[in-house]
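Working notes, structure below.
Every number in this text was worked out from the coordinates using simple rules, so none of it is lab data. On a predicted model such as this, the values are computed, not experimentally measured, just so you know. Cβ coordinates were reconstructed from backbone atoms using ideal geometry, including for glycine residues, and neighbour counts include every protein chain displayed.
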There are 4 protein chains.
Amino acid sequence: MTTKQQREQLAHQLRSIFEEHVPFNRLLGFKLASLDPKNPRIRFDMRPELIGNPQRQILHGGVISSVLDLMAGVVVHIALFEKDSEHLMSRDGRPVFPNIGTIDLRVDYLRPGRGAWFEASGEVVRMGKRIAVAHMQLENDTGELIATGSAAYVVG
Amino acid sequence: MTTKQQREQLAHQLRSIFEEHVPFNRLLGFKLASLDPKNPRIRFDMRPELIGNPQRQILHGGVISSVLDLMAGVVVHIALFEKDSEHLMSRDGRPVFPNIGTIDLRVDYLRPGRGAWFEASGEVVRMGKRIAVAHMQLENDTGELIATGSAAYVVG
Amino acid sequence: MTTKQQREQLAHQLRSIFEEHVPFNRLLGFKLASLDPKNPRIRFDMRPELIGNPQRQILHGGVISSVLDLMAGVVVHIALFEKDSEHLMSRDGRPVFPNIGTIDLRVDYLRPGRGAWFEASGEVVRMGKRIAVAHMQLENDTGELIATGSAAYVVG
Amino acid sequence: MTTKQQREQLAHQLRSIFEEHVPFNRLLGFKLASLDPKNPRIRFDMRPELIGNPQRQILHGGVISSVLDLMAGVVVHIALFEKDSEHLMSRDGRPVFPNIGTIDLRVDYLRPGRGAWFEASGEVVRMGKRIAVAHMQLENDTGELIATGSAAYVVG
């Protein structure tokens, strides 16, 4: 199997797991907009159910923490795959659920979550044998930085 | 108006705002189970949509961060009311939306979010003129501590 | 060897390591005031070198984060000893340095660090096979809560 | 007074305050290596007193949190000066101590603090009327990323 094929299979697995098989991500409408390993992105549209303050029409803080948590999970999985291309692969096509655990999450709420749509990005800043740490960002449709975050995962 | 009346009105306002008028809290099913100012509690039932890992049947990390964020907002509002009983009160019965902002949130994920229902509690550990800080906990139906958190708010 | 003896040996080891053999703790003057496993405490005196703001005569934020970091290390070591009484024990009396690593630390600065002396306390809220999480507090000589913190450690 | 003069005066004030008048920074040997507003840097040398683990010869976690805390303070002050060039200026040459307060700090410890010297950098990611948030990094002499951090300040 070529690396290109492996990457396509990883992309397929990540989409299958995170978009389709995780009910909460479906509830919130989170989509993997890019699975480029160098710049993966999650996108979601503003919807009435995601509002936290109806007078100000802004995202609930929980939506922001949820998408940053997911973004961290995605970049950690991509980094694990870079180390071991068998990661997340199944022979029979059924999704292999990740065996990683969030240790903690910090979110800095920088600006009100206002916009028609939002996009999260992230990167792994530490990938150890046991611990991974990711940094994440959320921007709105005008490129405003809405929030940043940091999350630690146990990976081994 | 007596203090008892004021407290009842505060409880009514908090319920109206947080349960009914915040769409995201309705989506997740968060309920103010107790508005005792000394021990307010938020409760929610496990539901399929709140699942983060379908193999392990546990809560999504985003549900946990969302309920802790809400819990912090509730205890901060109660503490603001203790300082100024006019806080959140409207003369015409319409909800007065809070004018506070989350600065940041940290969540420690201690144990898998497994259970039939969950209950959050919290307390304000600092109430300044400009900044409030709250600590929060989430337990499951067997009393296991699932997560703890800390949040800072700008209140003035 | 009895449990009482083991505890005394643990106390001796902890003092030896943390007070004498860690140069930075000596520089700051941190002392293990109590090694009661149920309520260990670190104490230090205000000294001119620990000042962060000379006009206000308050502790530097770094002193506060340093003592909370140490407090977390101490409670994690005590908890590891409760699980495995051979932890930190050496046969020849030389200190056995801990093989744990701090993953991250959060400090909430609640009140100005003013006082003649300060005392830190803490507790382990999660002790897993690989990860431990501790909560910590710092009070001044009048019992004011100066800061709280949370730290995650890799322990296995 | 020209902008260039103002910047030089700011640099002089920052050095005077943070290096000379804050006893704890002197104790740890923190130096403002660059006061370029676009890329300010703090540098310090490894010294025996800064060791946290004598077997591994690495920095104490408290040294890392202390320098990141200071770095955040420096970038916040520079950003306040960009908004209001009278900030930190005194007419008689005596240092004007900043009137900002740290709300909280998070540090991610990514790699062991090993090196002959270390350099911190940082940036303000939010400058509001009341709240500022900074991100910080610490690298060693080989450019390894040792730690990252995030801090919130009350500024107004």
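Suppose R0 equals 35 Å; then what is the FRET efficiency for B:ARG56 and A:THR142 from their Cβ-Cβ distance, rounded to the nearest 0.05?
On the way: r = 38 Å, r/R0 = 1.09.
Taking R0 as 35 Å, the efficiency between B:ARG56 and A:THR142 is 0.35.
If each DSSP helix of 4+ residues adds -39,500 (n - 2.57) and the sum is divided by the residues in chain A, what number results at 222 nm, nearest 500 deg cm²/dmol?
-8500 deg cm²/dmol
Tell me which residues come under 5 Å, amide H to amide H, from A:MET46 once H is placed; ignore anything under 5 positions away on its chain.
The answer is A:TRP117, A:PHE118.
How far, in nm to one decimal, is A:GLU19 from itself in the other copies if the label point is set 7 angstrom along Cα toward Cβ? Shortest first, please.
Label point to label point, same position, other copies: 3.8, 5.5, 6.1 nm.
Can you give the Rg and Dmax of the stretch A:16-156 based on its C-alpha atoms, in angstrom?
Taking only Cα atoms of the stretch A:16-156, I get Rg and Dmax of 15.1, 51 Å.
Each residue of the stretch B:108-124 in turn: what ³J(HN,Hα) in whole Hz from Karplus with 6.51, -1.76, 1.60 and θ = phi - 60°, glycine and Pro shown as x?
Karplus values, whole Hz, x for Gly and Pro: 9, 8, 8, 9, x, x, 10, x, 7, 8, 9, 9, 9, 9, x, 7, 8.
When each copy gets a label point 7 Å from Cα toward the beta-carbon at A:GLU49, what are the spacings between them in nm, shortest first?
Once sorted, the set of distances for A:GLU49 reads 0.4, 5.9, 5.9 nm.
Would you kindly calculate the translational diffusion coefficient of the stretch B:16-79, applying Stokes-Einstein with the Kirkwood radius from alpha carbon pairs, for 4 °C and a viscosity of 1.567 mPa s, and quote it in µm² s⁻¹ without decimals?
104 µm²/s
Can you work out ³J(HN,Hα) from phi for every residue in the stretch D:126-134, in order, using Karplus 6.51 cos²θ - 1.76 cosθ + 1.60 and θ = phi - 60°, giving whole Hz and x for Gly and Pro?
Computed from phi, the couplings for the stretch D:126-134 are 8, 10, x, 6, 10, 10, 10, 10, 10 Hz.
Label-point separation (nm) for A:LYS129 and A:ASP36, each offset 7 Å from Cα along Cα-to-Cβ?
Between A:LYS129 and A:ASP36, the simple spin-label model gives 3.5 nm.
Report, as an integer, the average count of C-beta atoms from other chains found within 10 Å of each Cβ along D:120-132.
3
When N counts the residues of the protein assembly as shown, how does its alpha-carbon radius of gyration compare numerically with 2.2 N^0.38 Å, as a ratio?
Its radius of gyration relative to the 2.2 N^0.38 Å reference: 0.96.
Please name whichever of B:GLN137, B:GLY156, B:PHE24 sits farthest to the positive end of the charge dipole of chain B, dipole taken about the Cα centre and charges placed at Cβ: Lys and Arg +1, Asp and Glu -1.
Selected residue: B:GLY156.
Within 10 Å of each Cβ of D:21-29, how many other protein chain Cβ atoms are there on average?
Per-residue shielding by partner chains comes out at 6.
Taking θ as phi - 60°, what are the ³J(HN,Hα) couplings along the stretch D:77-86 by the Karplus curve (6.51, -1.76, 1.60), each to the nearest whole Hz, with x for Gly and Pro?
Here the 3J(HN,Hα) series is 5, 5, 5, 5, 5, 4, 6, 9, 5, 7 Hz.
Around A:ILE146, which amide H atoms from residues at least 5 apart in sequence, or from another chain, sit under 5 Å from its own amide H, with H modelled in the peptide plane?
A:LEU138, A:GLU139, A:ASN140
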